[in-house]
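Input: a single structure, listed below in structure tokens.
The numbers here are math on the coordinates, done by the rules we state, and not lab data. Just so it is clear, the model here is predicted, and its values are computed rather than measured. When we count neighbours, we look across all protein chains shown, and the Cβ atoms used for this are built from the backbone with ideal geometry, even at glycine.
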Amino acid sequence: MHTMSKRSLFLAGGAALLAAVLPVAARAQAQPAVKNRALFQVTDNDPARWNMILNNMINLKEGVGGEGVEIELVAYGPGILMLKSDSPVKHRIADALKGGVQVNACQNTMNAMKLAPADMQPEIGYVPSGVVEVMKKQQQGWAYIRS
Amino acid sequence: MHTMSKRSLFLAGGAALLAAVLPVAARAQAQPAVKNRALFQVTDNDPARWNMILNNMINLKEGVGGEGVEIELVAYGPGILMLKSDSPVKHRIADALKGGVQVNACQNTMNAMKLAPADMQPEIGYVPSGVVEVMKKQQQGWAYIRS
Amino acid sequence: MHTMSKRSLFLAGGAALLAAVLPVAARAQAQPAVKNRALFQVTDNDPARWNMILNNMINLKEGVGGEGVEIELVAYGPGILMLKSDSPVKHRIADALKGGVQVNACQNTMNAMKLAPADMQPEIGYVPSGVVEVMKKQQQGWAYIRS
């Protein structure tokens, strides 16, 4: 009995240690369920591919059901043109935004293509660099999907 | 001496704790060798690209040698057409299946394209959603290869 | 007080245990900052795509600023042709090499295409298998970017 109570104490000490030493990403791994998070990278200026990606995002959301999923789409390079306010897929992107998808355009690409937010769909967000976003989100444990 | 024997006990307690708290993926990381697991995503309906992917899978298997590797191919979107029973790469896919590759078609795509298992190569498997499969496998520590 | 000093001892024991049990990759995660490392896979023989990737690598480096980032580009399949000494993007690849990017060609592809190092840009490196490299780097915690 005495020994067991000491062990319990050790275990409590160990738990405190784990929480203190492990970074956020590792602590997330130690939770019973992995958080569903997916980053879609889009670099193609191709309505057919965009339609597939927009379908993929709907399928992902429906596929995980009650688990829920956090979805981000980041567009850079030629892919950014599909986020313009006159994009052939603008209605589908508006639907994705309404559905809770975070849609981000790369500001590096915006500058290179001399695009301003006034040229783009009004509800989208911006990241300083699409490629930095892709790396950072993977570091944080997001799944990466290059459609 | 007495103190050291207590420390050994603490260490044993800590090890039990790690096994209890860390999920399967984190425990796998704690083993000396990382398990080789690779998920190939194929969304293109293009025999040349499929031939490259099928070569890649052979190269991956040969490249790891005695370490071994678990390989899964998941096809969705237009890529699924290459898994039909009349596919131009059907013999190579049959070889991959014989070699132990798990080949999965996305049921969402099957439904959207009005395809039934009778239209497909007989030995393949199915997953409810290709994009969910891509996210989940990455969560479980599989490498992701978008060829 | 006495109890607290025992707990401190347990914590020290636990820290030693963590260092002993967790592999290199997991210990890296336990450091305050994640190391920025990105592997670019290039399989397309397309100067426009290569120019985008070469821009991406510059944007990545500038985007992380003082954090620094380790960048590797691995080319295999038809993509390897852009690493030949007469490549239309040879000057930009030379610039990337000067900037510290590790550029690797796949020896499996070299053999299949009957290419020798004498045919290639002189400063590049080689890996036995591009696809093995892609898997291994992800296992080691590198972000994967399929441009």
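Going from the residue with the fewest nearby Cβ atoms within 10 Å to the one with the most, C:Leu39, A:Leu73, A:Leu115 rank A:Leu115, C:Leu39, A:Leu73. Sorted shortest first, the separations between the C:Asp46 label point and its copies elsewhere in the assembly read 0.6, 0.6 nm; each point sits 7 Å from Cα along the Cα-to-Cβ line.
For peptide A:93-105, the mean count of partner chain Cβ atoms within 10 Å of a residue's Cβ comes to 0. Just check the stretch C:61-147 against the gyration tensor rule for me: Cα atoms, a ≥ b ≥ c as the square roots of the eigenvalues, rounded for a/c under 1.5, and otherwise prolate or oblate depending on whether a/b exceeds b/c. Oblate, since a/c reaches 1.5 and b/c is not below a/b. The stretch A:89-137 and the stretch B:65-138 have Cα centres lying 32 Å from one another. So which trypsin sites (Lys or Arg not before Pro) in the stretch C:69-145 pass both tests, a DSSP loop state and at most 16 other Cβ atoms within 10 Å of the Cβ? Within the stretch C:69-145, the qualifying trypsin sites (Lys or Arg not before Pro) (loop, at most 16 other Cβ atoms within 10 Å) are C:Lys114. When you filter the chymotrypsin sites (Phe, Trp or Tyr not before Pro) in the stretch A:97-147 for DSSP loop state and at most 14 other Cβ atoms inside 10 Å of their Cβ, nothing is left.
Exactly which GluC sites (Glu not before Pro) in the stretch B:47-147 are in a DSSP loop and have at most 13 other Cβ atoms within 10 Å? Hits after loop and neighbour filter: B:Glu123. Counting from the shortest, the label point at C:Pro117, 7 Å from Cα toward Cβ, is 5.3, 5.3 nm from the same position in each remaining copy.
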